[in-house]
Amino acid sequence: MNLELQKKIFEEVLDYESNGEVFEEIEVVSPNCFVSTVTKETKRKYITTLDLKNILEGFSLDEINEGTKNLIEKSFLKGNRVSQTTGESFYEITGALCDMEDFLEDF
């Protein structure tokens with residue numbers, strides 16, 4: 001378990017959250033018998049371990065996923081595991097559950 005990586009992950013999540021909520025527009029396709037309709041929805045974007053892989057270049061996705069999983073289990077972060085059809089899994093981090101001071105005390 002790489003404690004330094006977990007600290008970097010937590011710092012990046014706090015940094016992301018400090019920029020405020022980020023929203024993205026996505027297209028939703030609703031299939032019907034004759035015509036499929038496409039609507040646009042605004043959805044809140046959360047930082048993922050895929051994003052963190054691009055930021056923390058020295059670490060693999062597996063290492064980042066493991067560090068994130070440990071932080072979620074320790075109740076420092078809130079997140080969901082997402083599996084893609086390609087077999088690749090990642091975490092969508094929906095928020096930090098404490099600030100940096102509390103994190104460092106309990107870490």
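Only the coordinates and a few stated rules stand behind these numbers; no lab work does. The model shown is predicted, which means the values in this text are computed figures rather than measured ones. Here the Cβ is made from the backbone with ideal geometry for all residues, glycine too, and neighbour counts use every protein chain on show.
A few points about this structure:
- The chain shape via C-alpha gyration tensor axes, a/c threshold 1.5: prolate
- Gain in span if fully extended, residue 22 to residue 69, counting 0.36 nm per residue against the direct Cα distance: 14.6 nm
- Spacing of the modelled spin labels on residue 44 and residue 80, each 7 Å from Cα toward Cβ, amounts to 1.1 nm.
- With at most 12 other Cβ atoms within 10 Å, longest stretch of the chain clear of loop GluC sites (Glu not before Pro) (DSSP): 22-56
- Rounded to the nearest 10 degrees, the inclination of helix 61-73 to the longest alpha-carbon principal axis of the chain is 80 degrees.
- Cα long-axis angle, helix 3-18 against the chain (0 to 90 degrees, to the nearest 10): 50 degrees
- Tensor-based shape of segment 50-92 (alpha-carbon gyration tensor, a/c under 1.5 rounded, otherwise prolate or oblate): oblate
- Dipole magnitude of segment 20-101, debye to nearest 20 (Cβ charges: Lys/Arg +1, Asp/Glu -1, about Cα centre): 280 debye
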